[in-house]
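Some notes on the structure that comes next.
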Amino acid sequence: MDKVNAYILINVKVGTTAHVFNELSKIDEATHISLTAGEFDIIVRVTVNSLEELFNLTEKIHKIDGIIKTVTHVVEKELSKTEI
Amino acid sequence: MVATDVWITVRVVPNPYVFALCSFMVGSIVHVLILIIATAKMNRKKFIGTVLDPNFLGFFIPKNGLLKHLILAGLGNAISTISYVYVVALTQDPSSVLPFTNLVTAYLIIGDLMIEKEKPVLIEVHAFFMIILGAILVSLSRGIVNLAGLALVLGPMNLGTFLYVYEQKKARTIKIRGKRYDSINLRVWSLLFTTIFIIIMAPLIVGPESIVLSIVISIAHFFVIALDMLLAFFAYVLYIRALGMGKMSVVNALASVSVVISLPLTLILAWVFPDVYILPDLSGVFGLVRIIGIIFVFLGMTALSFSEVVGYILIKSKPGSGSRLLKKLSTIKGVEYVSATAGKYDYIVRIKIRSLGKAYENVLQKIIKIEEIIDFVWISVLKEWELV
């Protein structure tokens, strides 16, 4: 079965960015974690086996101290320069 | 790793051709054993190999395009290795020409241009040449440069290394079951192909008896050579993982830093084992040249680390834009991947580009001209963690 990729866009409380970043890096399903400047503070890309697993993962992320809001975008289709 | 290489060539196998054959024959056995161990399960979900590379998929037989890349990587490595031993055998003082292997970074810049079809920015060119020049200065010796040896280094040896790195990079970017081809399988298979090519090439130069001699020496000194190849395995796996992250030229230029790190290590080893390791010459003007070389390497590295820009563009599009917009976005230079998403934004585009100027010129200027885009937001990446 195809894996499900998703982006979780996160806003955090002031002063908690480093803590949230470190906690996110412990998540096995996270493939990219970017600390960003702009509308969101952190962008996480995750790869999971199902939407059910994605739901559980976002629940887990919500429990990290310092996170104010998350917006999840499920990838429906993707084109990558690295795919051959 | 270089320190153990020196130890073996001085104490165990003085003939460079036989050393190469022994290393790859023993290395093949060691690498296959590592692959078997790495394929064992740590728990229900994970292989032991995932500790070293999270993308590890277990034992995987390469096919089609991947197989082609691995065979070509093996060929490049074999050409480079045979050229290296030929230089060592040909020149009385190989250390006078071997520093020029650092120039392979210049070849890799051209390789990156071939892949990305884009000119490097000025700061990158400055940084590369600072690192290369620094590495050459650090490893220079007082020996007279042998022109035939130099031609071998600049020709087949560096071209072989270029082919090896280029094909490994191509293999590393192939995705299998949604993940990048892992560095453990890549290293093991490319080494096996290298061994095959070396077994074919070496006897043509030094005669078929070299095979028999290599087998005898490999059996007699198996554990010493196996230790050397074990270290090589870990060094190359980390190198291949780094290749998955960035440009070949950048990774190779950064790997040149090892010449700086090897300097204090050689000093310690030469003090402990004076009969095996030669004390690096740090006296007078020569010492000053080496210090200048170290400064160059660090300045180059610092400049390089500030040159790249990574960001995301979050896009809202007109209804019905579909795969047409997906394709338009993916053709923009600097775009790593485009994801059509379900959520507040319709597309998330990941950008990796050489400078902010190029991000404006190559990406934003193109985005604003796409009529299907209603609105977009640029988000700069300040720090990143990536599973590679």
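Highest mean first, what order results for B:358-368, B:41-51 on Cβ atoms within 10 Å? The partial results should precede the final answer.
Details: B:358-368: 16.0, B:41-51: 13.3.
Descending packing order for the listed peptides: B:358-368, B:41-51.
Please compute the average number of Cβ atoms from other chains found within 10 Å of each residue's Cβ in peptide B:333-339.
Working: counts 1, 1, 3, 3, 9, 6, 12.
Mean partner shielding for this stretch: 5.
Taking θ = phi - 60°, what integer Hz values does the Karplus form 6.51 cos²θ - 1.76 cosθ + 1.60 yield along segment B:126-134, in sequence order, with x for Gly and Pro?
The phi angles translate into 4, 5, 4, 6, 5, 5, 4, 4, x Hz.
Once both labels are modelled 7 Å past Cα along the beta-carbon direction, what's the A:S80-B:N43 spacing in nm?
Here the answer is 2.5 nm between the modelled labels.
Cα-Cα pairs above 17 Å in segment B:39-79: how many percent? Walk me through the numbers on the way to the answer.
Values: 405 of 820 pairs.
Across segment B:39-79, Cα pairs with separations above 17 Å total 49 percent.
If R₀ is 22 angstrom, what is the calculated FRET efficiency for the pair A:A37 and A:K69, using the beta carbon separation as r and rounding to 0.05? Working shown, then result.
Working: r = 17 Å, r/R0 = 0.76.
For R0 = 22 Å, the calculated efficiency reads 0.85.
What distance in nm separates the two pseudo spin-label positions at B:I110 and B:I368, each 7 Å out from Cα along the beta-carbon direction?
3.8 nm
Coordinate-derived values only; no laboratory data. Bear in mind the structure is a predicted one, so any value in this text is a computation, not a measurement. So basically every Cβ, Gly included, is an ideal-geometry build from the backbone, and we count neighbours across all protein chains shown.
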